[in-house]
1. Report the residue count in segment 165-179 for those that are closer than 24 Å to VAL122 by Cα and either in contact (Cβ under 8 Å) with a residue 60 or more places away in the chain or loosely packed, with under 12 Cβ neighbours inside 10 Å (or both).
2. If we scan segment 73-96, do we find a residue that is in contact (Cβ under 8 Å) with a residue 60 or more places away in the chain, among the polar types (S, T, N, Q) and either more than 26 Å from ALA159 (Cα to Cα) or not in a helix (DSSP H, G or I) (or both)?
3. Of the numbered conditions (1) modelled with pLDDT of 95 or more; (2) on the phi > 0 side of the Ramachandran plot, GLY43 fails exactly one; give the number of that condition.
4. Would you say SER24 is modelled with pLDDT under 95 and either surrounded by 19 or more Cβ atoms within 10 Å (Cβ to Cβ) or in contact with a helix residue (DSSP H, G or I) (Cβ under 7 Å, 6 or more places away or on another chain) (or both)?
5. Go through segment 92-127 and count every residue that is over 17 Å from ALA59 (Cβ atoms) and not small (Gly, Ala, Ser).
6. Check whether at least one residue in segment 18-29 is touching a Cys at 6+ places or on another chain (Cβ under 9 Å), under 14 Å from ILE131 (Cβ atoms), in contact (Cβ under 8 Å) with a residue 12 or more places away in the chain and part of a loop (DSSP other than H, G, I, E, B), and report yes or no.
7. Within segment 139-164, can you find the residues that are over 13 Å from LYS126 (Cβ atoms), surrounded by 10 or more Cβ atoms within 10 Å (Cβ to Cβ) and touching a residue at least 40 places away in the same chain (Cβ under 8 Å)?
8. From the list THR124, THR110, which one is part of a loop (DSSP other than H, G, I, E, B), closer than 26 Å to GLY43 by Cα and not aromatic (Phe, Trp, Tyr)?
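The values are calculated or read from the model by the stated rules, or taken from the named source; none is laboratory data. No experiment lies behind these values; they were computed from the predicted model shown. Virtual Cβ from ideal backbone geometry, glycine too; neighbours counted across all protein chains shown.
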Amino acid sequence: MYKIILDESKEMMFEFFDKVQMKSGEILVVGCSSSEIVGEAIGKGSDFNAASAVYEGIAPILAEKGIFLAAQCCEHLNRALVVERECAERYGLETVCVVPKAKAGGSFATAAYENFKDPVVVETIKAHAGIDIGDTLIGMHLRSVAVPVRLSVKRLGEANLVFARTRPKYIGGPRACYE
């Protein structure tokens, strides 16, 4: 089962990047309910192996593109995010003192924390794009104008998938010009 999750995670990322152009140095927020992936209710069946398979599937692809991963923690840590210290410093993010665990932070955030070179946790972020695996509600961590991205893949394991990118706001009135 975990090999399938790993393979599906890679395929999901390849299709995502076929549709969404992200620049090196941008941030992708990922909320991931391992419980939902394995068919349990969110928060009721945390599965570190499933979460690790997702991480192993997506992390190398993000690293190759130079994109920062922001791994959303669960509600027990107020949906704080695990990022590399380099990301926090580049974007001026204030760090907090907490270490996610499977039952307080979630399995995916724990996998990220354990695998990052220099992990830190931040309370808020404004990411350029996002992937919500299992209805984890990542919207609070996206920039102001989020745009849905429709892919052929709709589920990872048993978890619903929602993809988003962001764009700058359109401001001004009838005389404004946009690219």
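1. First, the residues of segment 165-179 that are closer than 24 Å to VAL122 by Cα: 165-168.
Cutting the leftovers down to either in contact (Cβ under 8 Å) with a residue 60 or more places away in the chain or loosely packed, with under 12 Cβ neighbours inside 10 Å (or both) gives us 165, 167-168.
So the count comes out to 3.
2. Step one: of segment 73-96, the residues in contact (Cβ under 8 Å) with a residue 60 or more places away in the chain are 74, 79, 81, 87, 90-91.
If we keep only those that are among the polar types (S, T, N, Q) as well, we get none.
Scanning segment 73-96 turns up no residue that is in contact (Cβ under 8 Å) with a residue 60 or more places away in the chain, among the polar types (S, T, N, Q) and either more than 26 Å from ALA159 (Cα to Cα) or not in a helix (DSSP H, G or I) (or both).
3. It is condition (1) that GLY43 fails.
4. no
5. Residues of segment 92-127 over 17 Å from ALA59 (Cβ atoms): 92-99, 101-105, 121-126.
With not small (Gly, Ala, Ser) added as a condition, the list becomes 93-99, 101, 103, 121-126.
Of the residues in that region, 15 qualify.
6. Within segment 18-29, none of the residues are touching a Cys at 6+ places or on another chain (Cβ under 9 Å), under 14 Å from ILE131 (Cβ atoms), in contact (Cβ under 8 Å) with a residue 12 or more places away in the chain and part of a loop (DSSP other than H, G, I, E, B).
7. Of everything in segment 139-164, those that are over 13 Å from LYS126 (Cβ atoms), surrounded by 10 or more Cβ atoms within 10 Å (Cβ to Cβ) and touching a residue at least 40 places away in the same chain (Cβ under 8 Å) turn out to be VAL149, LEU151, VAL153, LEU156, GLY157, GLU158, ALA159, ASN160, LEU161, PHE163.
8. The conditions single out THR124.
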